[in-house]
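A short write-up of the structure that comes next.
Derivation of every value follows stated rules applied to the coordinates shown; laboratory data play no part. What you see is a predicted model; the values in this text were computed from it and never measured. Virtual Cβ from ideal backbone geometry, glycine too; neighbours counted across all protein chains shown.
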Amino acid sequence: MLCVSVFTGCLALKSKGDVDKDIVDFAVNQLGKQIEIIEASGKFMNPRTVHNDKTVYVSREDWTSGFFPGTMWYMYELTGDEKWKGYGVNYTAQLEPVKSLTKHHDIGFIINCSFGNAYRITSDEQYKLVIIEAAKSLGTRYRPVPGVIQSWDEDKGWQKDRGWMCPVIIDNMMNLELLFLATRLSGDSSFYKMAVNHAENTLINHFRKDYSCYHVVDYDKTNGNVRGKSTAQGFADESAWARGQAWALYGFTMCYRETKDIRFLNLAENIFDFLFSHPNMPNDLVPYWDFNAPKIPDEPRDASAAAIIASALYELSAFKDGGYKATADKIMMSLSSADYLAGLNENGNFVLKHSVGSIPHNNEIDVPLNYADYYFLEALLRKMKIEKSN
Ligand code: GLY
C-alpha cells in the first residue's frame, strides 16, 4: 500500500509502516522540544494549547491535565525509549493530589490518562491506590435516583447560571473507564455498577433517533426525571457537536470492552453510521466542530474530534468487522498530512493543528490541544499494534 508522506507538502510515496514511523520520529522531535522547554524552566508545567503565540499551561485540576503525562506514556510505548518513561513517571506523580478532587467529573479523564496508563504499562502497585482513591472521589458525584454521575455542579463553576439541577454531559462517558479499572484493582463492584448505570441512562436519554447525541442532559435529583436537553459547547441544543459525538463513540466502545453488553456495541455502531453517512462529514473525515454549524464549509475543523474517533474505531474494529479500521486509517492519513500535522518546532511544539475548544465561549478556536495529540498518539499505537498482530 502506498501513501503520501507525513511531512509538509512532500509527496514522496511511502509504505504505511514508514508513514507511521515518520510520525513517531516527528513526535519524538516535536514533543522532545516541548518537554525541553518545560524541563529548562525548572517547574512542573502542563501544556494545554497555544494562545497569542504563547503556550498555555494548566493547573493539575484542569480537565486536560492528564493528557500530557499520558502522552509521555504513549511516547514510551511508541519508542521504547526509557527517557519518555521517566517523564511519564514524573509528570504523572505531579497529579497525585487530584485523587481527592470532587468538584467536577473530570477526575476520570485526569487520573485515567495519567495513572491509568502508568499502571497499565508498569504494573507498579503504587499507582493502584491513587486510581482507587480517585474512583471513590468520582463516586461522590454519583446520584442514585437518576443513576448518573453529575458532571458539573449546579451552583458552582462555569455553567452555574444555567438553572440545571444535575447536568450530565456526554463527555462523562469517558470518566467511566476509571471506575471499571478501580473495580478490577480493588474487587469493589460498586464502581462497576455506577459506571454501568451511568452508561445505561446515557444510552436512554442522550441520543436522538438518528443516533446523534445531546451534549447536556439535566436530571432531577429527587425523582430521576429528565429536566431538559441542551448544549454548552455545541452550536445549538439540537445540533451534533463533533467532539460530543466522538466522546460518545469512544465511551460506548470502551463500555462494550468492559461489560460485553451488546447494547453498548450496537450503539457505538449506530453512532459510527450517523457520523460517516452525514452529508456534512468532509471527504478527509476530519469533522467540522459541529455537524450543524451554520456556515459549513466555512467553519473550523476539529482535529481533536477526528483523533478521538480514530482511536475509538481501532478499538471497535477488534469487536466487529464493519470497515472501522479502514475508516480510522483514512482519518489517520488526513491527520498525518501537512493539513493537520504541525511543522517541526511550530504550533507550540504540539503535534496536531486545527482543533477547537469551545466556539460558543469564543475559546480555543483553530488551535493545538493536548488532547488532540493524546488521542492521535493513542490511535497510532492502536493502529500499529493491530497491524503488527496481523
Ligand atoms: N470535556 C470537555 C471538552 O470536550 O471540551
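Miscellaneous remarks
- Fewest-first sequence of ILE131, ILE308, ILE365 by Cβ atoms within 10 Å of each Cβ: ILE365, ILE131, ILE308
- Here the range 111-227 is assigned +1 on the Cβ of each Lys and Arg and -1 on the Cβ of each Asp and Glu. Its dipole about the Cα centre then comes out at about 160 debye.
- Selection of trypsin sites (Lys or Arg not before Pro), the range 20-62, meeting DSSP coil and at most 11 other Cβ within 10 Å: LYS43
- Each peptide among 349-355, 140-146, 242-248 gets the average number of other Cβ atoms lying within 10 Å of its residues, and from highest to lowest they stand as 242-248, 349-355, 140-146.
- The chain, dipole about Cα centre (Lys/Arg Cβ +1, Asp/Glu Cβ -1), debye to the nearest 20: 680 debye
- Spread over its residues, the convex hull of the C-alpha atoms of the chain is 135 Å³ per residue.
- Per principal axis, descending, Cα span of the range 215-323 in whole Å: 43, 36, 19
- 3J(HN,Hα) along the range 169-182, derived from phi through the Karplus expression 6.51 cos²θ - 1.76 cosθ + 1.60 where θ = phi - 60°, amounts to 9, 4, 3, 4, 4, 5, 6, 5, 4, 5, 5, 4, 5, 5 Hz, with x in place of Gly and Pro.
- Percentage, to the nearest whole number, of Cα pairs in the range 260-376 over 22 Å apart: 35 percent
- The string of couplings for the range 326-343 from the Karplus curve (6.51, -1.76, 1.60, θ = phi - 60°) is 4, 5, 4, 4, 5, 4, 5, 4, 5, 5, 8, 8, 5, 5, 10, 7, 5, x Hz, one whole number per residue in order, with x for Gly and Pro.
- Coupling constants for the range 296-307 follow from the phi torsions by the Karplus curve (6.51 cos²θ - 1.76 cosθ + 1.60, θ = phi - 60°), and in residue order they are 3, x, 9, 9, x, 7, 10, 5, 5, 4, 4, 5 Hz; glycine and proline get x.
- Long-range HN-HN contacts of VAL148 with modeled amide H, under 5 Å: ARG143
- Candidate lysines - alpha carbon under 19 Å from LYS33, same-chain residues fewer than 8 apart omitted: LYS21, LYS43, LYS54, LYS83, LYS85, LYS353
- Calculated over the range 87-128: convex hull of Cα atoms, volume per residue (Å³): 63 Å³
- Volume per residue for the range 60-115 equals 54 cubic angstrom (convex hull of Cα atoms).
- Helix-only CD estimate at 222 nm, as mean residue ellipticity for the chain, using -39500 (n - 2.57) per DSSP H run (n ≥ 4): -15500 deg cm²/dmol
- Cβ-based exposure ranking for ASP53, ASP329, in which fewest neighbours within 10 Å come first: ASP53, ASP329
- Cut-off under 5 Å, modelled amide H: who pairs with ILE365 long-range: GLY357
- Net charge dipole size for the range 238-390 [Lys, Arg +1 and Asp, Glu -1 on Cβ; Debye, nearest 20]: 520 debye
- Potential lengthening of the chain between PHE319 and LEU129 amounts to 65.3 nm, from the contour at 0.36 nm per residue minus the alpha-carbon distance.
- From least to most packed, judged by other beta carbons within 10 angstrom and beginning with the fewest, HIS278, HIS104, HIS51 follow the order HIS51, HIS278, HIS104.
- The range 125-167 shape via C-alpha gyration tensor axes, a/c threshold 1.5: oblate
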